[in-house]
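Student: Have a look at this one.
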Amino acid sequence: MKQTINPAMNRYRRQFLRRVLSTAALGLVSGAAMPTRLLAGTTSGTVQAGGLAGLFAGDFKLGTALSNTTLLAQNPDTEALVAREFSAITAENAMKWEEIHPQAETWDWQRADHFVDFGQRHKMYTIGHTLVWHSQMPESVFVDQHGRLRPAAEVQKTMEDHIATLTDRYHGKIQAWDVVNEAVTDSGEWRKSHWYNTLGEGYFARAFHLAREADANAELLYNDYSMHLPAKRDFALEQITRFRRKGMPVDGVGMQAHVHLDDPALAELEASIEAIAAAGLDVHITELDVDVLPKAYDYMGAEISTNFEYSDELNPFPEALPQKVADELAFRYESLFKLFLKHRDKIRRVSLWGTTDGESWKNDWPVVGRTNYPLIFDREGQPKQAYYSVAGLKSGTQRG
Ligand code: G3I
């Protein structure tokens, strides 16, 4: 039988060493013994009664995203797990425009109602995701039945009605809204979405004003991926600051944090945490996950229009995650949470994007049909080594 050496494995080794060096340089961990300790320990531990969120209660809220599968009660075990381990929830898909408001006069509240009810029952910090986004939009919002672009006044009215209806229904039950999602390109300019093309940059501030008019108390957030990129971060903060001076209500910025084992460097994330806080805004880590699979190309972030063809080489761990990569994942999570703890005064919340590996969007993006391991609970809902490495930062269960 022909044997092949998986070049990804050597790459992981190189990347791991690079990460160790960059983390040590940041002062987050110290000493040459560090990697050995991390690789040797934290494969198991004790799950505290208050879950992970209980351990971090004095630092920031700890959240997860609820998938439609969970919300439709096809997986009640996941609900129980979420209630035990987390203090914040985001609707992964249930409140997106095309799901909740698929046609002008049609609203589908089932999943979103269940989501909000779950948050109420468990007294969780509940995040509405998302009011204005370029993606998952019914085309009819922008284009009429003759294929012509609708006039600005009509689109603006639609936006106003959508925000008012959604925020009214859940008034007092949603603690934070992702008001605008992904409005800025990676190179630092406005995304040329239908929103922007029809309404100009004013749509951005208008959305925040509408959200505040509807709910005086909810925290209002701008949420985007790859916010570690200086050009993107700086442009976003410049616009937010400029609008804010003119009265736009905004409380925080969400760094989605769809990261890889080696990428971005902690220092890049840290610079953005500091920049957001320096602009007078709360930092929310909104969609954390760690991709452990080979990059199909040089991708980063979450541009969901991107997709690449499946190959077995791009899916090296279809059965189980090798111990070496599990070590690296645990180390990455531990390093990230050390960074978050270092900046606990700036960070309001850290949310993972999903609860168990099996339900993660990373199994299907940017390549459909892979087996990824980006979260801290495995496909059976059991805590992974990564869970214990994070918990160990607070409970002293880390061994080595
Ligand atoms: O709703 C249909 C359903 O009717 C149909 O049966 C099913 C069959 O494939 O598809 C369903 O829609 C899917 C939806 O998830 C709900 O499962 C879409 O095809 C699929 O594209 C969608 O993916 C979501 C993606 O956003 C696009 O909305 C992912 O689950 C979700 O994790 C991802 O989340 C985004 C954040 O909202 C914003 N930041 C980036 C992040 C990752 O892309």
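Student: Could you list, ordered by first residue, the pairs with Cβ atoms under 8 Å in which the first is in the stretch 166-185 and among the basic types (Lys, Arg) and the second is in a loop (DSSP other than H, G, I, E, B), at least 6 apart or interchain?
Tutor: Arg169/Trp109
Student: Inside the stretch 217-246, can you point out the residues that are in contact with a strand residue (DSSP E or B) (Cβ under 6 Å, 6 or more places away or on another chain) and more than 17 Å from Trp190 (Cβ to Cβ)?
Tutor: Selection gives Ala218, Glu219, Leu220, Leu221.
Student: For the stretch 139-217, which fully contained helices (runs of 4 or more DSSP H) count at least 1 residues that are surrounded by 13 or more Cβ atoms within 10 Å (Cβ to Cβ) and acidic (Asp, Glu)?
Tutor: It comes to 152-169, 202-214.
Student: For Leu55, all conditions in the list (1) closer than 24 Å to Val290 by Cβ; (2) within 16 Å of the ligand (Cβ to nearest atom) hold save one; what is the number of the exception?
Tutor: It fails just one condition, (2).
Student: Go over the candidates Glu99, Glu79 one by one and state the one that is at pLDDT below 95, of a type in the set (Asp, Glu) and either out of contact with any Pro (no Cβ under 9 Å at 6 or more places or on another chain) or away from the ligand (no atom under 16 Å from the Cβ) (or both).
Tutor: Glu79
Student: Ok, one more. In the stretch 280-294, what residues are away from the ligand (no atom under 16 Å from the Cβ) and either over 15 Å from His228 (Cα atoms) or free of Cβ contacts under 8 Å to residues at least 40 places away in the same chain (or both)?
Tutor: Start the filter on the stretch 280-294 by keeping residues that are away from the ligand (no atom under 16 Å from the Cβ), which leaves 280-283, 292, 294.
Answer for the stretch 280-294, where residues must be away from the ligand (no atom under 16 Å from the Cβ) and either over 15 Å from His228 (Cα atoms) or free of Cβ contacts under 8 Å to residues at least 40 places away in the same chain (or both): Gly280, Leu281, Asp282, Val292, Pro294.
Student: Output the residues belonging to the stretch 245-275 that are touching a helix residue (DSSP H, G or I) at 6+ places or on another chain (Cβ under 9 Å), in a helix (DSSP H, G or I) and more than 29 Å from Tyr373 (Cβ to Cβ).
Tutor: Within the stretch 245-275, just Ala275 meets the criteria.
Student: Could you list, in sequence order, the residues of the stretch 300-315 that are under 18 Å from Asp289 (Cβ atoms) and either more than 16 Å from the ligand (Cβ to nearest atom) or part of a helix (DSSP H, G or I) (or both)?
Tutor: Leu314, Asn315, listed by residue number.
Student: Only residues in the stretch 78-96 that are under 27 Å from Thr165 (Cα atoms) and in contact (Cβ under 8 Å) with a residue 60 or more places away in the chain count as the first member; pair them with residues that are within 9 Å of the ligand (Cβ to nearest atom) and not aliphatic (A, V, I, L, M), Cβ under 6 angstrom, at least 6 apart or cross-chain, and list the lot.
Tutor: Between residues of the stretch 78-96 that are under 27 Å from Thr165 (Cα atoms) and in contact (Cβ under 8 Å) with a residue 60 or more places away in the chain and residues that are within 9 Å of the ligand (Cβ to nearest atom) and not aliphatic (A, V, I, L, M), the close pairs are Thr90/His129; Glu92/Ser67; Met95/His129.
The values are calculated or read from the model by the stated rules, or taken from the named source; none is laboratory data. Nothing here was measured: the structure is a model prediction, and the numbers come from that model. In this analysis, Cβ positions are derived from the backbone assuming ideal geometry, glycine residues included, and neighbour counts consider all displayed protein chains.
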